[in-house]
Amino acid sequence: MSSTARDPGLQPERTRLAWRRTTLSCTVVALLAGKQALHGGASPAGLVALSLSVLAWLGFLRVANRRVQDMNTARPQPLGSREALTVAACTVALAVFAVAMLF
């Protein structure tokens, strides 16, 4: 067996499940952020934070969905730097917007 041969095993399935779990966690965070923003009335700052949270969630969802679909190919491409940066930025943005909603 050469070093370039790919052993598909269960790795693609584990990767798909990991992306789905992470997407579910991100969805829960976005929903809780929405609940917090609308708790006690909708303030303009809360609505802006909620809108930005939804945009960050949609960005994360897009990259995650693309990665899950890529796992169906025989030789999926590695996560590119652009996608990795998008996922990291969306995650940090959700955290920042959550903190902003507390104040």
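Tallying residues that are part of a helix (DSSP H, G or I) and either open to solvent by less than 80 Å² (accessible area, probe 1.4 Å) or in contact with a Leu (Cβ under 6 Å, 6 or more places away or on another chain) (or both) within the range 22-57 yields 22. For the subset of the range 69-88 comprising residues that are among the aliphatic types (A, V, I, L, M) and under 12 Å from the mean Cα position of the chain (by Cα), which member is most open to solvent (accessible area, probe 1.4 Å)? For the range 69-88, the residue satisfying everything is Leu85. State the number of residues belonging to the range 66-101 that are in a helix (DSSP H, G or I) and without any contact (Cβ under 8 Å) to a residue 40 or more places away in the chain. The total comes to 16. Taking the stated definitions as given, is Ala49 under 18 Å from Thr23 (Cβ atoms) and modelled with pLDDT under 90? The answer is no for Ala49.
Taking the criterion of being under 11 Å from Leu94 (Cβ atoms) and in contact with a helix residue (DSSP H, G or I) (Cβ under 6 Å, 6 or more places away or on another chain), the residues of the range 20-34 that qualify are Cys26, Val29, Ala30, Ala33.
The values are calculated or read from the model by the stated rules, or taken from the named source; none is laboratory data. Here the structure is a predicted model, which means the values were calculated and not measured. Neighbour counts are summed over all protein chains in view; Cβ atoms, including those assigned to glycine, are modelled from backbone coordinates with ideal geometry. Just the protein is used for accessible areas: all its heavy atoms, side chains included, with ligands, DNA and RNA removed. Shrake-Rupley method; radii C 1.70, N 1.55, O 1.52, S 1.80 Å.
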